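Contents: one structure, followed by commentary.
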Amino acid sequence: MSRAIPNFVLISALLCGFPFMAEKPSFPQSKSGANVRTLSFKAAPAQPEYALQIYTSAGQGIIKVIDGAGNLLQTLTCPMDPSQVEAVSHKFIERFTAEDLDLDGYLDLRGARSFGAKWRRDCIWLYDPQSHNFYQDMLSQQMETLSNLIVDPKRQRIVSYSLGPANPLWDEYRIERTGKNRPHWPRLIPVKSCFLDTDGADTENGNPSKFTMVITRYENGRSIVERRALASGAKVGLDTQCGALNYR
């Protein structure tokens with residue numbers, strides 16, 4: 001006896017595609033071993049090229065940054081979740097990648113420190129084009145707390161989300177940078193939060209009329225909440241209005 005697939009399952013399937021878009025390496029792999037990866041890295045065309053040796057040891061992810069003359073410039077470490085060291089060790093090495101995480105035009109580094117079936121959190125190192133070094137600060141520390149972090153360069157947003165099927169959530173942030181009105185450390189500022197309220201949904205038939213989109217916008221220090229019930233027969237897809245379902 002066949003059954004219709006509930007729409008909230010389709011929502012989950014759509015959302016599942018997003019974390020992996022940002023995980024493809026942004027630099028070429030030059031050598032790979034069972035426990036070590038060596039990657040060539042260049043943050044931008046005018047920046048120096050480095051070799052990155054990526055491996056794990058004693059419950060930590062380790063990245064050695066080596067210049068063209070073979071000199072060790074930095075050793076970066078990532079403390080892993082002690083309850084899942086073996087699994088995270090494989091993920092750290094295999095999925096380690098470079099991406100412009102702070103939207104400044106230079107590639108940064110990220111590597112998994114903990115993960116589950118539907119979420120992942122990373123260690124993050126930002127790149128300083130003046131010193132040519134990697135560093136961590138309040139901004140990178142905030143990013144490390146976000147689940148399934150992705151970057152939206154078109155809209156200049158940092159995004160975190162959770163998967164369904166129950167109550168999938170989507171948060172958006174902007175980066176407040178240092179300047180005349182803020183002398184110290186950039187930080188993330190919440191802009192919008194949205195989740196699909198599936199409480200009371202017809203899980204047997206996936207009736208979308210039981211779903212409610214809850215959208216919270218943060219303006220002038222206030223949160224403005226709007227609830228929108230999905231119309232009966234509404235299609236749940238990339239053209240609807242919640243989180244990844246409206247990601248474009």
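The numbers here are math on the coordinates, done by the rules we state, and not lab data. The structure presented is a predicted model; accordingly, all values stated were derived computationally and were not measured. Ideal geometry is used to build each Cβ from the backbone, glycine not excepted, and the neighbour counts take in all protein chains shown.
General observations
- Computed from the C-beta positions of Ser131 and Arg182, the FRET efficiency with R₀ = 25 Å rounds to 0.75.
- Close Lys-Lys pairs in the stretch 22-145, where close means Cα under 15 Å and separation is 8 or more or interchain: 4
- Isotropic mean projected area of the C-alpha convex hull, the stretch 22-145 (nm²): 7.7
- From most to least packed by mean Cβ count within 10 Å, the peptides 142-154, 35-47, 101-113 give 101-113, 142-154, 35-47.
- The gain in end-to-end length when the Asn35 to Arg227 segment is fully stretched comes to 64.2 nm, 0.36 nm per residue minus the alpha carbon separation.
- Ordered by the count of other Cβ atoms within 10 Å of each Cβ, fewest first, Phe96, Phe115 give Phe115, Phe96.
- Residues Lys118, Lys210, Lys91, sorted so that the one with the fewest Cβ neighbours within 10 Å comes first: Lys118, Lys210, Lys91
- Shape call, the stretch 101-144: gyration tensor on alpha carbons, a/c limit 1.5: prolate
- Residues His132, His90, His184, sorted so that the one with the fewest Cβ neighbours within 10 Å comes first: His184, His90, His132
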